[in-house]
């Protein structure tokens, strides 16, 4: 049985006596060297045909190991009688007598590692290409060619699966193009040839006769390579268990798969899996780099690439091209009030609506935040206007989220290739500029870009930079306009008004630089500066004995959305040792129109401090009386626009009367702005208005001038100011 065992192993086994004469050699040992059995017995083991360049040194090492009573184990090369160069692992073990003094036998075991080395070389070569980041098709082509060289008569292919579960030939060096064309696009299924079926089953499929197999019945076999009769397809499985493709072998009746080919398959299927996993990872990273993960639309970088291609095509075909920049109005309010999940829902729905409204060949992408870009190919000005109008209408359809139907308007800016720019960055910038102009004009509008818009946009940017620097350098200043009680002529309070004189632009009107600060996101800096400056001044007046009841400071509605201003007011009052009644906060109707929950909460928190709130410019907006009743307003300010015609226009007088009566009904003080004549004073006093401010009393004054103005007038003037 030991003899049978030794004869069946694929390892070569030989036993010698103490003089290295071979006493026994098994079949595999003889196969290494090709001689017959009777030619092997009695031969000197040292006559083995080792490589001539290393024969002497190799036997020297073997004899040294035996003399030192230890095994010899090295890879050596043998030259067979047929001339083949065989790489083997030689294990030579000395066997001593029971006393361990005399050498009795030598056991030599040879293992063929030539094929193993060939497969290892193949693996190293493919892995080197993977490390070099070579394209997938080149790596798979190399793999197929190397396998075909190791197993002559076999043709190889690597086939992957597309996202829609169809076959795609990645490599097949020897397969004719007519065959691969018919394989490409075949849907994976239970009767989709060897490869499609192997992918469907997730297990190897062997078909020995393509022309009779039911798996190939639906395939046009006229393109099958000449001489090929069978196909063995092995699924390529990723670590997740997903079947990503197949490694297939086409063979003739004379070259069917052997155990040697099976050993190659075992090594190569892992290589294919590694290559495909790497390819999928790179593809996923590429998609993440170019696709917005929330909406699935192209992101900004991909938009620019697509726009560059569209510009090149438009230039070549002499066709118009329109770029639309779409922005959702008041989107931040949704995130702040309903949460980011609702905001995400609106973004996804907006992306869907833009996509379904586009024509074939057009592109929509997400530029970031709540901004989208639409590329309209072969689209002139008239069509761009029509599409822009249609998109605004469709986007304004209510969106349901958290049991609410939100009507979200949008603003669109349009730039035309050629007229408004010749490259991607310029077109996007100009479309963005036009969008902001549309937004300034009101929600739900679109505007085309013009050079005037570009100039104004540039001027706003430059001026905003100068404004921010002026705030940081404390170059803004406050002036104070007195407010006078109409019944007594006494000082009711003063309103602090911001002024800015720039060394280049001169005196910049407050409405202009305030809107700039709101647009560029640093209005809170001005509001904080205003409170700090006004409180410091009223503390200085108190110390100097100047009797100023309170100072009113204007706040932006955007600052009211941030509850931090409450803490800022508390800290400032405490720092200057003032009472809450020393400060008055003025807001505009935009706070009520804003409907931002934080705005109402901030107003109530300020009122709880004891700081009174005045509603500025009342009657000029679209605020609701119900919102007015919910806000803790202590004072209504009648807008200066009513004063322009209150003496002549009955309508203006009627509206003024209505505002004054609303104030009386709600227990509020009513202050008229822009009063310039004695007749206006008399009329307002007759209508029951409590106080007034304007040029009739005094222009806005510096702190010193206000002190002088107060010192030069009687405390009370009941009939004439």
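The values are calculated or read from the model by the stated rules, or taken from the named source; none is laboratory data. Bear in mind the structure is a predicted one, so any value in this text is a computation, not a measurement. All Cβ positions, glycine included, derive from the backbone under ideal geometry; neighbour counts span all protein chains shown.
List the pairs whose first member sits in region 640-657 and is over 16 Å from residue 682 (Cβ atoms), whose second member is assigned to a loop (DSSP other than H, G, I, E, B) and modelled with pLDDT of 85 or more, and whose Cβ atoms are under 8 Å apart, counting only residues at least 6 apart or on separate chains? If the second residue must be assigned to a loop (DSSP other than H, G, I, E, B) and modelled with pLDDT of 85 or more, the pairs left are 640/673; 640/674; 640/694; 641/674; 644/674. Scanning region 533-556 for residues that are free of Cβ contacts under 8 Å to residues at least 60 places away in the same chain and not in a loop (DSSP other than H, G, I, E, B) yields a total of 9.
Let's see how each residue does on (1) buried (at least 16 other Cβ atoms within 10 Å of the Cβ); (2) assigned by TED's automatic domain parsing to the domain that holds residue 44:
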| position | (1), (2) |
| --- | --- |
| 69 | no, yes |
| 98 | no, yes |
| 103 | yes, yes |
| 121 | no, no |
| 124 | no, no |
| 128 | no, no |
| 136 | yes, no |
| 141 | yes, no |
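Residue-level check: of (1) under 24 Å from residue 418 (Cβ atoms); (2) free of Cβ contacts under 8 Å to residues at least 40 places away in the same chain; (3) touching a helix residue (DSSP H, G or I) at 6+ places or on another chain (Cβ under 9 Å), residue 311 misses just (2). Is it the case, given these coordinates, that residue 196 is at pLDDT 85 or above and either assigned by TED's automatic domain parsing to the domain that holds residue 275 or under 22 Å from residue 140 (Cβ atoms) (or both)? Here the answer is yes, as residue 196 does meet what is asked.
Within region 497-509, restricting attention to residues that are farther than 21 Å from residue 583 by Cα and touching a helix residue (DSSP H, G or I) at 6+ places or on another chain (Cβ under 6 Å), the residue that is modelled with the highest pLDDT is 500.
Per-residue answers, yes or no, for (1) in the same structural domain as residue 414 (by TED's automatic domain parsing); (2) surrounded by fewer than 17 Cβ atoms within 10 Å (Cβ to Cβ); (3) at pLDDT 90 or above; (4) in a strand (DSSP E or B):
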| residue | (1), (2), (3), (4) |
| --- | --- |
| 464 | no, no, no, no |
| 489 | no, no, yes, no |
| 492 | no, no, yes, yes |
| 495 | no, no, yes, yes |
| 511 | no, yes, no, no |
| 515 | no, yes, no, no |
| 531 | no, no, yes, no |
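The set of residues from region 274-294 being in contact (Cβ under 8 Å) with a residue 40 or more places away in the chain, surrounded by fewer than 18 Cβ atoms within 10 Å (Cβ to Cβ) and touching a strand residue (DSSP E or B) at 6+ places or on another chain (Cβ under 8 Å) comprises 280, 294.
Condition first: part of a helix (DSSP H, G or I) and either over 31 Å from the mean Cα position of the chain (by Cα) or closer than 30 Å to residue 391 by Cβ (or both). Can you find one or more residues in region 440-450 that meet it? There is at least one residue in region 440-450 that is part of a helix (DSSP H, G or I) and either over 31 Å from the mean Cα position of the chain (by Cα) or closer than 30 Å to residue 391 by Cβ (or both). Here the condition is being surrounded by fewer than 21 Cβ atoms within 10 Å (Cβ to Cβ) and either at pLDDT 70 or above or not in a helix (DSSP H, G or I) (or both); of 572, 602, it holds for 572 alone. Looking across region 287-305, just one residue is farther than 30 Å from residue 240 by Cβ and in contact with a helix residue (DSSP H, G or I) (Cβ under 6 Å, 6 or more places away or on another chain), and that is 304. Of the residues 321, 297, the single one that is touching a residue at least 12 places away in the same chain (Cβ under 8 Å), under 21 Å from the mean Cα position of the chain (by Cα) and either more than 30 Å from residue 558 (Cα to Cα) or not assigned by TED's automatic domain parsing to the domain that holds residue 184 (or both) is 297. Inside region 224-234, residues that are surrounded by 13 or more Cβ atoms within 10 Å (Cβ to Cβ) and either outside the structural domain of residue 250 (by TED's automatic domain parsing) or more than 46 Å from the chain's Cα centre (by Cα) (or both) make up a count of 6.
Yes or no, residue by residue, for (1) over 41 Å from the mean Cα position of the chain (by Cα); (2) over 16 Å from residue 613 (Cα atoms):
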residue: 500; (1), (2): no, yes
residue: 509; (1), (2): no, yes
residue: 514; (1), (2): no, yes
residue: 531; (1), (2): no, no
residue: 536; (1), (2): yes, yes
residue: 539; (1), (2): yes, yes
residue: 546; (1), (2): yes, yes
residue: 552; (1), (2): yes, no
residue: 559; (1), (2): no, no
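Here residue 239 passes the criteria (1) over 30 Å from residue 340 (Cα atoms); (2) touching a residue at least 40 places away in the same chain (Cβ under 8 Å) except the one numbered (2). For region 406-423, the condition holds for no residue, the condition being that it is surrounded by 13 or more Cβ atoms within 10 Å (Cβ to Cβ), at pLDDT below 90 and under 30 Å from residue 673 (Cβ atoms). The set of residues in region 441-462 being in contact (Cβ under 8 Å) with a residue 40 or more places away in the chain, on the phi < 0 side of the Ramachandran plot and touching a strand residue (DSSP E or B) at 6+ places or on another chain (Cβ under 9 Å) consists of 443, 445, 446, 448.
Of the residues in region 317-329, at least one is at pLDDT 85 or above and either under 30 Å from residue 158 (Cβ atoms) or assigned to a helix (DSSP H, G or I) (or both). Within region 328-335, not a single residue is surrounded by 16 or more Cβ atoms within 10 Å (Cβ to Cβ), in the same structural domain as residue 427 (by TED's automatic domain parsing) and more than 24 Å from residue 599 (Cβ to Cβ).
So that you can scan it fast, the table gives a plain yes or no per residue for (1) within 16 Å of residue 427 (Cα to Cα); (2) touching a helix residue (DSSP H, G or I) at 6+ places or on another chain (Cβ under 6 Å):
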position: 285; (1), (2): no, no
position: 307; (1), (2): yes, yes
position: 322; (1), (2): yes, yes
position: 338; (1), (2): no, no
position: 341; (1), (2): no, no
position: 366; (1), (2): yes, no
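Of the residues 634, 672, 654, the single one that is surrounded by fewer than 21 Cβ atoms within 10 Å (Cβ to Cβ), farther than 27 Å from residue 570 by Cβ and either at pLDDT 85 or above or not assigned by TED's automatic domain parsing to the domain that holds residue 481 (or both) is 654. Of the strands (runs of 3 or more DSSP E) contained entirely in region 334-410, those carrying at least 3 residues that are in contact with a strand residue (DSSP E or B) (Cβ under 8 Å, 6 or more places away or on another chain) fall at 363-368, 371-377.
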